[in-house]
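The values are calculated or read from the model by the stated rules, or taken from the named source; none is laboratory data. It should be emphasised that the depicted structure is a prediction, and the values quoted were computed from it without experimental measurement. So basically every Cβ, Gly included, is an ideal-geometry build from the backbone, and we count neighbours across all protein chains shown. Quick note on the areas: whole protein, heavy atoms, side chains included, nothing else; ligands and nucleic acids left out. Shrake-Rupley method; radii C 1.70, N 1.55, O 1.52, S 1.80 Å.
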Amino acid sequence: MTYYAIYDGNCNLCVTLVQLLENLDKGKIFQYAPMQEEETLKRWNITSEDCELGMILVDADAPDRRWQGSAAAEEIGQLLPMGDVFVSAYRSLPGLKWMGDRTYDQIRDNRYTLFGKRSSTYKTVYPADCGCVQRGEE
């Protein structure tokens, strides 16, 4: 069970969250690709316009299964140990998911203003192994 998390490698908040996931998961479930690697994204038929709607999670075993934005964040949460308990509670509390979706959209649209922009794209230690990025070529 492998999932590819496509993130904004220039966003300080996004990179911090990817680094947190890297430390928690150690590449067991998640591999990562920055949105700035257009050649990598082409393998999944993902465009830069698609990326404007937020992070994307792709099921490596069924690449047509995808989640984007807050739905991707929820799916990542469910895949983490004990995460399903928290995601289920989040989804079941009236109005909380709606508020979470709106908050995600606001942060996505203002992430550089709120959290800053990196001077270079972050390259993960667990790159997506989809046959499109060769380790050592980054």
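Of the helices (runs of 4 or more DSSP H) lying entirely inside region 41-138, those containing at least 2 residues that are farther than 19 Å from GLU22 by Cα and out of contact with any helix residue (DSSP H, G or I) (no Cβ under 7 Å at 6 or more places or on another chain) are 48-51, 83-92, 96-115. Pairs are defined by a Cβ separation below 8 Å, a sequence spacing of at least 6 or placement on different chains, a first member in region 83-97 that is surrounded by 12 or more Cβ atoms within 10 Å (Cβ to Cβ), and a second member that is of a type in the set (A, V, I, L, M); the pairs so defined are GLY83/ILE76; TYR90/LEU96.
Looking across region 108-125, the residues that are open to solvent by less than 60 Å² (accessible area, probe 1.4 Å), within 15 Å of the chain's Cα centre (by Cα) and not basic (Lys, Arg) come down to THR121, TYR122, THR124. Of everything listed in (1) within 21 Å of ARG111 (Cβ to Cβ); (2) open to solvent by 60 Å² or more (accessible area, probe 1.4 Å); (3) of a type outside the set (A, V, I, L, M), the single unmet condition for GLY54 is (2). Among the residues examined, SER119 does not qualify as free of Cβ contacts under 8 Å to residues at least 12 places away in the same chain and farther than 25 Å from GLU49 by Cβ.
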